[in-house]
């Protein structure tokens with residue numbers, strides 16, 4: 001699976017939230033759904049029929065994580081599109097990391113959660129949805145940074 005960007009982005013009027021009681025990310029208000037999704041661990045990147053990533057949602061327990069002082073900076077806001085081997089099938093999830101789970105990193109002070117590789121130096125950073133930033137290495141997605149309105153109280 002490869003990814004590419006489109007310079008324009010449709011205005012999105014929702015907020016990213018973390019629901020501690022469900023161990024999940026979500027968006028408020030949800031004003032529709034996509035056609036299918038791309039999974040990283042158990043987190044869903046909802047996509048439309050053209051493969052455009054609309055928002056993130058789903059199970060992502062913030063229990064086992066590593067601390068980081070990294071945060072995404074100087075990112076570009078644009079549309080992120082997944083190039084699948086075939087057109088997306090309605091209501092089907094496509095797993096990006098089939099062979100291994102990506103680690104979770106958290107910068108508690110800044111409120112950012114990173115799923116994947118937190119290294120940002122020399123990478124292309126794309127805000128594809130409000131407070132959701134993809135770290136790209138050429139056409140490969142290597143991390144997703146999430147900045148919900150509030151992080152739960154994380155023991156550690």
Of all residues in the range 45-60, count the ones that are in a strand (DSSP E or B) and under 14 Å from residue 19 (Cβ atoms).
-> 4
In the set 102, 145, the lone residue that is assigned to a loop (DSSP other than H, G, I, E, B) and surrounded by 17 or more Cβ atoms within 10 Å (Cβ to Cβ) is 102
Give the range 33-44 a look and list any residue that's without any contact (Cβ under 8 Å) to a residue 60 or more places away in the chain and assigned to a loop (DSSP other than H, G, I, E, B), or say none.
-> 33, 34, 35, 42
In the range 71-93, what residues are more than 21 Å from residue 30 (Cα to Cα) and either touching a helix residue (DSSP H, G or I) at 6+ places or on another chain (Cβ under 9 Å) or surrounded by fewer than 19 Cβ atoms within 10 Å (Cβ to Cβ) (or both)?
-> 71, 73, 74, 75, 76, 83, 84, 85, 86, 87, 89
Does residue 81 qualify as being assigned to a loop (DSSP other than H, G, I, E, B) and either under 15 Å from residue 44 (Cα atoms) or touching a strand residue (DSSP E or B) at 6+ places or on another chain (Cβ under 6 Å) (or both)?
-> no
Scan the range 23-32 and give yes if some residue there is buried (at least 17 other Cβ atoms within 10 Å of the Cβ), more than 16 Å from residue 115 (Cα to Cα), touching a strand residue (DSSP E or B) at 6+ places or on another chain (Cβ under 7 Å) and touching a residue at least 24 places away in the same chain (Cβ under 8 Å), otherwise no.
-> yes
Within the range 110-142, restricting to residues that are assigned to a loop (DSSP other than H, G, I, E, B) and free of Cβ contacts under 8 Å to residues at least 40 places away in the same chain, the one that is nearest to residue 15 (Cα to Cα) is 110
Give 72, 88 a once-over and let me know the one that is assigned to a loop (DSSP other than H, G, I, E, B), at pLDDT below 90 and touching a strand residue (DSSP E or B) at 6+ places or on another chain (Cβ under 6 Å).
-> 88
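The values are calculated or read from the model by the stated rules, or taken from the named source; none is laboratory data. What you see is a predicted model, and the numbers here were worked out from it, not measured in a lab. Glycine also receives a Cβ, built like all others from the backbone with ideal geometry; neighbour counts cover every protein chain displayed.
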